[in-house]
Amino acid sequence: MSSDPRRFNIPLIALHWLTLLLIALAYATDQLREAFEHTPTEGLLTHWHSVFGVTVLGATAFRLVVRAFTRAPAIVPAPPRWQEVLAALTHAALYGLMIALPLTGWLMFNADGKAVVWFGTQLPTLLGPSKGLAKALKEVHEAIATAGYFLIGMHAAAALFHHYVVRDNTLRLMWPGLRPRAP
């Protein structure tokens, strides 16, 4: 799937940055919603928050399929084993976030007796109404979202560390338009 074994293929690069944009929009609509509490705009922001969240879930599923058929390019120079393990754990946690956050939001909506609507299509109801469960799911959803700030920040900081301090090709593997360094 890649014409250049020194970087990720274009579909994975595009999905990476699209997913980041969708996550940023989901977080932004949630933060803005608080500023418009008890207004008609709050409902609109809640709707778009769920649309972005469900889209993150779909993009992540597609990304996992594409990634399953793609070999990761080598980091040059190769990092120490402990960094590879930490990177693998962080990536697993990020994928967990991109799956768990939208799913808990979807379940929370359903438990609160609301349907999730994605671009005019009502998605299946996964649970019946339960105010107690809706409250518990909201707490879990918010805790995961808070952890997301730290995971995303750590991921970005690691990429910058590798680029500017270690001076390896980590960031070049995923940055659109940035050419790999010559061997």
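The values are calculated or read from the model by the stated rules, or taken from the named source; none is laboratory data. Bear in mind the structure is a predicted one, so any value in this text is a computation, not a measurement. Cβ: placed from backbone, ideal geometry, glycine included. Neighbour counts: every protein chain shown. What goes into the accessible areas is simple: the full protein's heavy atoms, side chains included, and nothing from ligands, DNA or RNA. Shrake-Rupley method; radii C 1.70, N 1.55, O 1.52, S 1.80 Å.
Computed over protein heavy atoms with a 1.4 Å probe, the carbon and sulfur contribution to the accessible area of segment 23-100 reaches 73%. As a calculated quantity, the FRET efficiency between Leu86 and Thr146 at R0 = 22 Å, using C-beta atoms, amounts to about 0.60. Here is the list for segment 7-84: trypsin sites (Lys or Arg not before Pro) lying in DSSP coil, each with at most 14 other C-beta atoms within 10 angstrom of its C-beta, are Arg71. Based on Cα contacts under 8 Å between residues 6+ apart, the chain shows a relative contact order of 24 percent.
Just flag the trypsin sites (Lys or Arg not before Pro) in segment 114-183 sitting in loop per DSSP whose Cβ has no more than 16 other Cβ atoms within 10 Å. If you can, show how the numbers build up before the last one.
Details: sites: Lys114, Lys131, Lys135, Lys138, Arg167, Arg172, Arg181; in loops: Lys114, Arg167, Arg181.
Within segment 114-183, the qualifying trypsin sites (Lys or Arg not before Pro) (loop, at most 16 other Cβ atoms within 10 Å) are Lys114, Arg167, Arg181.
Which of the chymotrypsin sites (Phe, Trp or Tyr not before Pro) found in segment 30-117 are in a DSSP loop and have at most 12 neighbouring Cβ atoms, other than their own, within 10 Å? Here the chymotrypsin sites (Phe, Trp or Tyr not before Pro) that fit, given the DSSP loop and packing criteria, are Phe69. As a length-normalised measure over Cα pairs under 8 Å and 6 or more apart, the relative contact order of segment 106-183 settles at 19 percent.
Given R0 = 30 Å, the distance between the Cβ atoms of Ala78 and His155 translates into a calculated FRET efficiency of 0.95. Using Cβ point charges alone (K and R +1, D and E -1), the dipole size of the chain about the Cα centre works out to roughly 740 debye. With the charge dipole of segment 1-96 set up from +1 on Lys and Arg Cβ and -1 on Asp and Glu Cβ about the Cα centre, the Cα lying farthest toward the positive end among the listed residues Ala78, Ala24, Thr39 is that of Ala78. Computed with a 1.4 Å probe over protein heavy atoms only, the accessible surface of the chain comes to 60 Å² per residue. Summarising the amide proton neighbourhood of Trp118: residues at separation of 5 or more, or on other chains, whose placed amide H is nearer than 5 Å comprise Leu123.
Using a 1.4 angstrom probe on heavy atoms only, work out the carbon and sulfur share of the accessible area of segment 109-183 in %. Before the final figure, lay out each step's value.
Numbers: 3300 of 4880 Å².
Within segment 109-183, the accessible surface is 68 percent carbon and sulfur.
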